[in-house]
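A short worksheet on the structure shown next.
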2 protein chains.
Amino acid sequence: MLQVGPPAETERADAVRNRARILDAARTILDASGVDALTMDAVAREAGLGKGTVFRRFGSRSQLLLTLLNSTEEEFQRGFLAGPPPLGPGANPVDRLIAFGRARLDLLGVQGDLLRAAEASAESRYSSPARAASVLHITMLLRSGGVQGDVPVLATTLNSTLDAALVLHENRVGSVSMERIANGWEDLVRRVTAPQQT
Amino acid sequence: MLQVGPPAETERADAVRNRARILDAARTILDASGVDALTMDAVAREAGLGKGTVFRRFGSRSQLLLTLLNSTEEEFQRGFLAGPPPLGPGANPVDRLIAFGRARLDLLGVQGDLLRAAEASAESRYSSPARAASVLHITMLLRSGGVQGDVPVLATTLNSTLDAALVLHENRVGSVSMERIANGWEDLVRRVTAPQQT
């Protein structure tokens, strides 16, 4: 094989490739077996890399989890800020709001454990930038939809119903299907955005 | 002083009295300085009892916290199940629902730290009997108020907006006043219980 570029560049390319392999492996484990199965050993095995390489790229398990979480949240944000309608711009605000909750619940169905792990501390649970972005987005959609009143407080309220721990509890312990929870979200949005009688 | 009754009875009476004094002292500390200040030492000092007596009555700090929490939740439940209207029976369902959230938020304003400490574990946060009683009560009121649809899911949703960690975050970090949060609850209840257009 021909070596293209100087060794330093090859090393950088290796690092980028390994990083992507590790993240892919971590997602595979997460989807198949949940967050508890996501050990550095398991990730190294799944990625076909040495454990040292995994630690060199991510430092610690919690660093790896945080990276996974950030990429999940970024993808979700791209979807509701700039993705295709009805989640992204172009649909009417009520439909976008319904799509927002449904997309979030879909994500919780797949990566709920990861998202719940991130919410674990009671003090920090509501402080994440991802949550702030969601509340802001809901506020914007409620206002576009002509909802009057204390919209930021209403948006916070609506967002709290998509809390990972709550949804996973309802689904796993309470045996409420994700479809029922998603329909409940739509029902709530329609009630909240319906023209008010005065 | 005359000794009334046999020694065993006196000892039992002392135990009951000390227990009450310890709980009073714990509530005083909780209201004045929050849950972090509630150490066994501080409770003994406030109650004017030896630390040994506090440990003999409650075993551990977490046992004491649990006892406080249970008595708080029992009192709250007595209020909404059998207290005077509008919280208790006798008022119309929408007014009772509004009163329910307002009473819960009042409680969070005073004992929020304690309630949040009890919600701390992500897995157990939604498993408490107190929460189940609240969701059941909201379900009952929504049904009495003629709300159609998947009422249990809607009730869960409404209850989640009264989550201690959420409310305390909004209030302390987000600087949203408890009054605004309570008005937001009323607004949400009115929207949700308004007759639906079909």
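The values are calculated or read from the model by the stated rules, or taken from the named source; none is laboratory data. Just so it is clear, the model here is predicted, and its values are computed rather than measured. All Cβ positions, glycine included, derive from the backbone under ideal geometry; neighbour counts span all protein chains shown.
Numerical summary
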| read-out | value |
| --- | --- |
| The listed residue being free of Cβ contacts under 8 Å to residues at least 12 places away in the same chain and within 14 Å of chain A (Cβ to nearest Cβ), out of B:ALA91, B:ALA117, B:ALA132 | B:ALA132 |
| Set B:ARG102, B:ARG131, B:ARG125, B:ARG116: member being closer than 28 Å to A:SER128 by Cα, basic (Lys, Arg), surrounded by 16 or more Cβ atoms within 10 Å (Cβ to Cβ) and at pLDDT 95 or above | B:ARG102 |
| Which listed residue is more than 10 Å from chain A (Cβ to nearest Cβ) and among the polar types (S, T, N, Q), from B:SER160, B:SER127, B:SER144 | B:SER144 |
| The range B:187-198, residues that are more than 10 Å from chain A (Cβ to nearest Cβ) and crowded, with 17+ Cβ neighbours inside 10 Å | B:VAL189 |
| All positions within the range B:165-184 that are surrounded by 21 or more Cβ atoms within 10 Å (Cβ to Cβ) and either within 8 Å of another protein chain (Cβ to nearest Cβ) or over 16 Å from B:ARG104 (Cβ atoms) (or both) | B:ALA165, B:LEU166, B:HIS169, B:GLU170, B:ILE181, B:GLY184 |
| Unmet criterion (only one of (1) of a type in the set (A, V, I, L, M, F, W, C); (2) under 22 Å from B:SER177 (Cα atoms); (3) more than 7 Å from chain B (Cβ to nearest Cβ)) for A:LEU154 | (3) |
| Per-region count, the range B:73-121, residues among the polar types (S, T, N, Q) and over 10 Å from the mean Cα position of the chain (by Cα) | 2 |
| Some residue of the range B:29-48 being at pLDDT below 95 and under 22 Å from B:LEU188 (Cβ atoms) | no |
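So that you can scan it fast, the table gives a plain yes or no per residue for (1) in a helix (DSSP H, G or I); (2) of a type in the set (A, V, I, L, M, F, W, C):
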| residue | (1), (2) |
| --- | --- |
| B:HIS137 | yes, no |
| B:LEU141 | yes, yes |
| B:GLY149 | no, no |
| B:VAL153 | yes, yes |
| B:THR156 | yes, no |
| B:LEU162 | no, yes |
| B:LEU168 | yes, yes |
| B:SER175 | no, no |
